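The values are calculated or read from the model by the stated rules, or taken from the named source; none is laboratory data. Here the structure is a predicted model, which is why all the values come from computation and not from measurement. Glycine gets a Cβ as well: all are built from the backbone with ideal geometry, and neighbour counts include every protein chain shown.
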Amino acid sequence: MSDRRFRFPRALACALSTALAICCLPASALAWTDDGDSVLERGAAELGLPDDLHPSIEASHAALMDEDGTLWFGRATGERAQIASLTKIMTAIVASEHLDAEAPVTVTPEAAGVGESSAGLLAGDEMTFDDALKAVLTASGNDAASAVAQAAGAVMLGQQGRAGDAYACEAAFVEAMNAKAAELGMAGTRFANPHGLDFDAYDQGQYSCARDVAVMLRHGMGIDLVRANIGYERVGIAVLRGGAPVTVELANTDTMIEGYAGTCAAKTGYTLAAGPCVATAVNRGDGHEYYAVVLASSSKPQRFADSEALYDWIYACRDEVRAVANPEPASPPEPETATFHLLNAPRSVRATIGGAEAAWPVVAEVAHADWTNRTVAATVAGREPMVTLPKEGGRLEQEASFLDVTGDVAPGDVVGRLAFRRDGAVVWEADLVAAESVPAPAWWEALGIGAQRFFGGPFGMPAVAESELSNLGAREVS
């Protein structure tokens, strides 16, 4: 592990929130920050995270994850460690995939004889899987964990057309535990039994790490049966013992469930090899749920103090930490702009268009198809003839399209379309409308026009006037 810098409590965590957590620490305990700690999976030293945005805890291994799987804080998160009874979280997960809440679980002599942490079950006891889970997760019963594993393992073997004794059923279950760990991406984990004992006959090469336990707890909290049974401080379960119903009272060794706001899950563990450890979940109804894992703590009370310090830190500093770790990129400077006046006509005409009488710029002459030599003066009405654009860019190019104008034309009639493009993109466009009245030819005029076209055609005389865009183009005004 990298060099640790010891600090007195007054330098710890985020202001008042984290200071409250420190009040819970034993007087002899000194928390620390570690140069190898990670925040949002980046080294705290690399981030240059200031001390007041860094949690200070005593644990050798720790992880804090949220509902999205984001690892907010880590210390030695991938280093192998023993996790003792935290193993039972995976036991609950795998068993829930093979047993429903009312499935019967019977305690075998092999399960009753596991020893150490016990739910006080006896060989022959019968209960529902739902109650058995309470015994696994609240009392951390090794007897209950083995009974559940053997019941679920029997189902697994049955699905394969096989049968086996308690040991074979439990072995099948442990194999499923490791398959589930691989499915969840828990590459740093190997399970050897369903209860987490790691000494004497149970020293079978099992291991895990803080990150994997956080992944495991997060997944477990998404399973209704697991979530419903991992948050009790104390609870009674119904057991059929010797044919008679009895109530077995269970108690959790965790102090956070009723003592720390929002705690909705807690699983403790302890062996000499693992030391005191704990995995907890906190949800305060703000849209976030957090999972804290503390392994190899120096004492049983300290594991809870460290967990609370991690939660105090994330609740007090989440936004600031995110800002430091993922700063918003600097906004590019606003480009310089220029304003262009688009209608620059050589002449204008007075007309009333849309109820407004004014001198209108004649931006085009549009051929009247009924005449051989008449056009309609066209303008733009109802559209601001200005556009503001970045100075950087190509020149403004104008283009016009003209309609086939026939019959009586009055001011305001649409006769075409005017557009301006820059670098191929249209930046302004509007209808061309008549700025004058042009009547259709009278019948006798139409006869003359028809004759003119008939006799003049062979001599190259135009059959209709030519449309022309007379606007001089865009002019920069600022």
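Of the numbered conditions (1) within 24 Å of His195 (Cα to Cα); (2) at pLDDT 95 or above, Glu116 satisfies every one except a single condition; which is it?
Status for Glu116: all satisfied but (2).
So in the stretch 198-227, with the set limited to residues that are at pLDDT below 95 and small (Gly, Ala, Ser), which one is nearest to the chain's Cα centre (by Cα)?
Gly205
Just to be sure before I move on: is Val426 in contact with a His (Cβ under 7 Å, 6 or more places away or on another chain), over 18 Å from His368 (Cα atoms) and of a type in the set (Val, Ile, Thr) in the structure I sent?
Details: in contact with a His (Cβ under 7 Å, 6 or more places away or on another chain): no; over 18 Å from His368 (Cα atoms): yes; of a type in the set (Val, Ile, Thr): yes.
When the stated conditions are applied, Val426 does not pass them.
So which residues in the stretch 311-321 are over 19 Å from Arg218 (Cβ atoms) and either buried (at least 17 other Cβ atoms within 10 Å of the Cβ) or in contact (Cβ under 8 Å) with a residue 60 or more places away in the chain (or both)? Walk me through how you get there before you give the answer.
So in the stretch 311-321, the residues over 19 Å from Arg218 (Cβ atoms) come out as 312, 316-317, 319-321.
Within the stretch 311-321, Asp312, Ala316, Cys317, Glu320, Val321 meet the criteria.
Would you check if Asn178 is within 34 Å of the chain's Cα centre (by Cα), among the polar types (S, T, N, Q) and under 20 Å from Ala144 (Cβ atoms)?
Details: within 34 Å of the chain's Cα centre (by Cα): yes; among the polar types (S, T, N, Q): yes; under 20 Å from Ala144 (Cβ atoms): no.
No.
For the stretch 226-281, how many residues are farther than 30 Å from Ala296 by Cβ, in contact with a strand residue (DSSP E or B) (Cβ under 9 Å, 6 or more places away or on another chain) and of a type in the set (A, V, I, L, M)?
Restricting attention to the stretch 226-281, the residues satisfying the condition of being farther than 30 Å from Ala296 by Cβ are 236-249.
With in contact with a strand residue (DSSP E or B) (Cβ under 9 Å, 6 or more places away or on another chain) added as a condition, the list becomes 236-241, 245-249.
This time we only want the ones that are of a type in the set (A, V, I, L, M), so: 237-240, 246, 248.
Qualifying residue count, the stretch 226-281: 6.
Please verify whether Phe73 is touching a strand residue (DSSP E or B) at 6+ places or on another chain (Cβ under 7 Å), closer than 19 Å to Gly236 by Cβ and not charged (D, E, K, R), treating the condition exactly as stated. Steps first, please.
Working: touching a strand residue (DSSP E or B) at 6+ places or on another chain (Cβ under 7 Å): yes; closer than 19 Å to Gly236 by Cβ: no; not charged (D, E, K, R): yes.
When the stated conditions are applied, Phe73 does not pass them.
Name the residues in the stretch 73-105 that are in a strand (DSSP E or B) and closer than 15 Å to Leu133 by Cβ, would you?
First, the residues of the stretch 73-105 that are in a strand (DSSP E or B): 73-75, 81, 104-105.
Answer for the stretch 73-105, where residues must be in a strand (DSSP E or B) and closer than 15 Å to Leu133 by Cβ: Pro104, Val105.
This table checks each residue for (1) of a type outside the set (Lys, Arg); (2) within 30 Å of Ser56 (Cα to Cα); (3) within 44 Å of the chain's Cα centre (by Cα); (4) surrounded by fewer than 14 Cβ atoms within 10 Å (Cβ to Cβ).
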residue: Pro301; (1), (2), (3), (4): yes, yes, yes, no
residue: Val363; (1), (2), (3), (4): yes, no, no, no
residue: Pro385; (1), (2), (3), (4): yes, no, no, no
residue: Thr388; (1), (2), (3), (4): yes, no, yes, yes
residue: Leu396; (1), (2), (3), (4): yes, no, yes, no
residue: Gly407; (1), (2), (3), (4): yes, no, no, yes
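If we only count helices (runs of 4 or more DSSP H) wholly inside the stretch 139-250, which ones have 3 or more residues that are over 21 Å from Glu79 (Cα atoms)? If you could, list the steps in order and put the result at the bottom.
Numbers: elements: 142-159, 166-183, 210-220, 224-229.
Correct list: 142-159, 166-183, 224-229.
Right, Gly205: surrounded by fewer than 17 Cβ atoms within 10 Å (Cβ to Cβ) and farther than 29 Å from Thr128 by Cβ or not? First the steps, then the outcome.
Working: surrounded by fewer than 17 Cβ atoms within 10 Å (Cβ to Cβ): yes; farther than 29 Å from Thr128 by Cβ: yes.
Here the answer is yes, as Gly205 does meet what is asked.
Looking only at strands (runs of 3 or more DSSP E) that lie completely in the stretch 261-310, which have at least 3 residues being under 16 Å from His219 (Cα atoms) and in contact with a helix residue (DSSP H, G or I) (Cβ under 6 Å, 6 or more places away or on another chain)? Outline the logic, then answer.
Working: elements: 263-269, 277-283, 289-295.
Correct list: 277-283, 289-295.
What number of residues within the stretch 353-369 satisfy the criterion of being assigned to a loop (DSSP other than H, G, I, E, B) and touching a strand residue (DSSP E or B) at 6+ places or on another chain (Cβ under 8 Å)? Write out each step before concluding.
So in the stretch 353-369, the residues assigned to a loop (DSSP other than H, G, I, E, B) come out as 354-355, 362-363, 369.
Among the residues that remain, those that are also touching a strand residue (DSSP E or B) at 6+ places or on another chain (Cβ under 8 Å) are: 362-363, 369.
Looking only at that region, the number is 3.
Yes/no per residue for (1) in contact with a helix residue (DSSP H, G or I) (Cβ under 7 Å, 6 or more places away or on another chain); (2) hydroxyl-bearing (Ser, Thr, Tyr); (3) under 18 Å from Ala92 (Cα atoms):
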| residue | (1), (2), (3) |
| --- | --- |
| Leu121 | yes, no, yes |
| Leu133 | yes, no, yes |
| Val136 | yes, no, yes |
| Gly141 | yes, no, yes |
| Ala152 | yes, no, yes |
| Met156 | yes, no, yes |
| Ala176 | yes, no, yes |
| Ala179 | no, no, yes |
| Gly188 | yes, no, no |
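When you go through (1) buried (at least 23 other Cβ atoms within 10 Å of the Cβ); (2) farther than 22 Å from Val215 by Cα one by one for Pro109, which number turns out not to apply?
Here Pro109 clears every test but (1).
Scan the stretch 430-455 for residues that are over 60 Å from the mean Cα position of the chain (by Cα) and in contact (Cβ under 8 Å) with a residue 60 or more places away in the chain and jot them down. Please lay out each step first, then the result.
Kept after step one, since they are over 60 Å from the mean Cα position of the chain (by Cα), are these residues of the stretch 430-455: 436-455.
Across the stretch 430-455, the qualifying residues are Glu436, Val438, Ala440, Pro441, Ala446, Ile449, Gln452, Arg453.
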